[in-house]
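Peer 1: My questions will all concern the structure given below.
The values are calculated or read from the model by the stated rules, or taken from the named source; none is laboratory data. Small disclaimer: the values here were computed from a predicted structure and weren't measured. For neighbour counting, all protein chains shown are included, and Cβ atoms are generated from backbone atoms with ideal geometry for every residue, glycine included. When the accessible area is computed, the model is the full protein with side chains, heavy atoms only, and any ligands, DNA or RNA have been set aside. Shrake-Rupley method; radii C 1.70, N 1.55, O 1.52, S 1.80 Å.
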Amino acid sequence: MLYKRNPQLNKNGELVHLLTVEGLPRDTITHILDTASSFVSVSDREVKKVPLLRGKSVFNLFFENSTRTRTTFEIAATRLSADVINLDISRSSASKGETLLDTIANLSAMAADLFVVRHSESGAPYLIAQHVAPHVHVINAGDGRHAHPTQGLLDMYTIRHYNKDFTNLTVAIVGDVLHSRVARSDIHALTTLGCAEVRVVGPKTLVPDDMAPMGVRVCHNLEEGIRGCDVIIMLRLQNERMSGALLPSSQEYFKSFGLTPEKLRLARPDAIVMHPGPINRGVEIDSAVVDGRQSVILPQVTFGIAVRMAVMSIVAGTVRQAQHDREAA
């Protein structure tokens with residue numbers, strides 16, 4: 001049975017947690033993207049709310065800093081009419097020695113319905129999902145180097161918005177792949193959706209050895225990696241995760257792997273440029289590219305709210321219930 005192999009799915013194959021893109025069926029990913037489409041227009045309404053999570057409590061549990069991800073999750077939950085609780089982890093009981101599971105048990109006793117978890121340790125959201133009650137749902141907002149599934153999904157939504165079909169696309173993921181959970185989530189999603197070619201581009205010190213078995217083409221030259229591409233996903237240099245001298249300097253990195261308008265001309269004329277943020281201008285990408293006509297970095301942020309609304313409403317079962325109500329009416 002599918003649900004026995006994938007802890008994110010219940011016995012009916014429905015998504016009850018979102019822990020990783022890896023192993024998600026193609027139909028499930030497509031369902032999330034389709035559901036997100038229905039939420040994009042909410043941002044244009046005078047009243048930017050729908051009642052799908054009314055009465056539900058969403059706890060943003062961020063053990064790692066991330067203004068952009070936490071804010072978009074908060075906006076998404078608020079637009080779904082949920083009660084949102086943002087925890088200051090630096091002042092919480094976790095900083096006083098309480099274990100992760102004890103923290104979750106106490107929050108669950110406060111009638112939590114959904115945990116959005118960001119943690120520096122890979123696997124932390126899985127551990128939480130294994131110990132919550134059946135009615136409580138867990139969404140991984142980034143764990144260690146492992147996964148960042150909602151970022152991967154919003155990247156897929158952005159690509160589909162501009163290109164419609166994945167099967168003819170060549171996508172390059174460029175930069176610090178070694179430390180990037182976004183890169184792994186993007187690779188799993190792109191291959192599941194049938195992308196024609198996925199390239200991983202970066203210096204040898206920042207590209208792990210296990211990339212080729214994931215079905216990607218590894219390039220250590222930027223010009224080769226982006227030539228003829230339809231989509232270029234630039235990654236931030238994660239200096240805070242680096243140990244040892246993996247790069248000579250940020251200036252040398254920009255010279256070899258920074259995306260400039262001149263290098264961008266090697267891609268297709270209608271290629272789009274993406275970045276999960278935050279952006280280091282002049283390190284991995286030139287300001288002229290960030291602000292140029294091929295950049296879709298700001299639309300990524302906008303689409304991210306709709307995708308996170310979709311994920312929360314799907315795992316909580318409210319999308320299924322709303323569909324059932326419509327069919328019964």
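Peer 1: How big is region 141-187 on each of its three principal axes, counting only the C-alpha atoms and giving the largest first in Å?
Peer 2: 31, 20, 13
Peer 1: How many lysine pairs are close in the chain, with Cα atoms under 25 Å apart and the two 8 or more places apart or on different chains?
Peer 2: 5
Peer 1: For region 174-273, what is one quarter of the convex hull surface built on the Cα atoms, given in nm²?
Peer 2: For the Cα atoms of region 174-273, the hull's average projected area reads 6.3 nm².
Peer 1: Ignoring ligands, DNA and RNA, what percent of the accessible area of the chain is carbon or sulfur (1.4 Å)?
Peer 2: Answer for the chain: carbon and sulfur cover 49 percent of the accessible area.
Peer 1: Right, another one. Treating the beta-carbon of each Lys and Arg as +1 and of each Asp and Glu as -1, no other charges, what is the dipole magnitude of the chain about its Cα centre, to the nearest 20 debye?
Peer 2: Roughly 280 debye for the chain.
Peer 1: Sorting check: for 154-161, 264-271, which peptide has the highest mean count of neighbouring beta carbons within 10 Å, and how do the rest follow?
Peer 2: 154-161, 264-271
Peer 1: For Cα pairs less than 8 Å apart in space and 6+ apart in sequence, what is the mean separation divided by the residue count of the chain, i.e. the relative contact order in percent?
Peer 2: 19
Peer 1: Taking amide H positions as placed in the peptide plane 1.01 Å from N, state which residues far from R217 in sequence (5 or more) or on other chains have amide H under 5 Å from it.
Peer 2: Close amide H contacts, sequence-distant or interchain: V198, R199, V200.
Peer 1: To continue, here is another question. Kirkwood Rh over Cα pairs of region 29-183 into Stokes-Einstein at 10 °C, 1.306 mPa s: D in µm²/s?
Peer 2: Values: Rh = 17.1 Å.
The diffusion coefficient I find is 93 µm²/s.
Peer 1: So, one more: Bin width 10 Å, alpha-carbon pairs only: give the P(r) of the chain as whole percents, running from 0 to the bin holding the largest distance.
Peer 2: Per 10 Å bin, starting at 0, the Cα pair percentages come out as 6, 26, 34, 23, 10, 1, 0.
Peer 1: Follow-up question, since we're still on this one. Return the ratio Rg/(2.2 N^0.38 Å) for region 258-300, where Rg is computed over Cα atoms only.
Peer 2: Values: Rg = 9.6 Å, N = 43, 2.2 N^0.38 = 9.2 Å.
Cα Rg divided by the expected 2.2 N^0.38 Å: 1.04.
Peer 1: What full-extension length gain, to one decimal in nm, is calculated for S38 and S122 as 0.36 nm per residue of separation minus the Cα-Cα distance?
Peer 2: That pair, S38 and S122, stretches by 27.0 nm at full extension.
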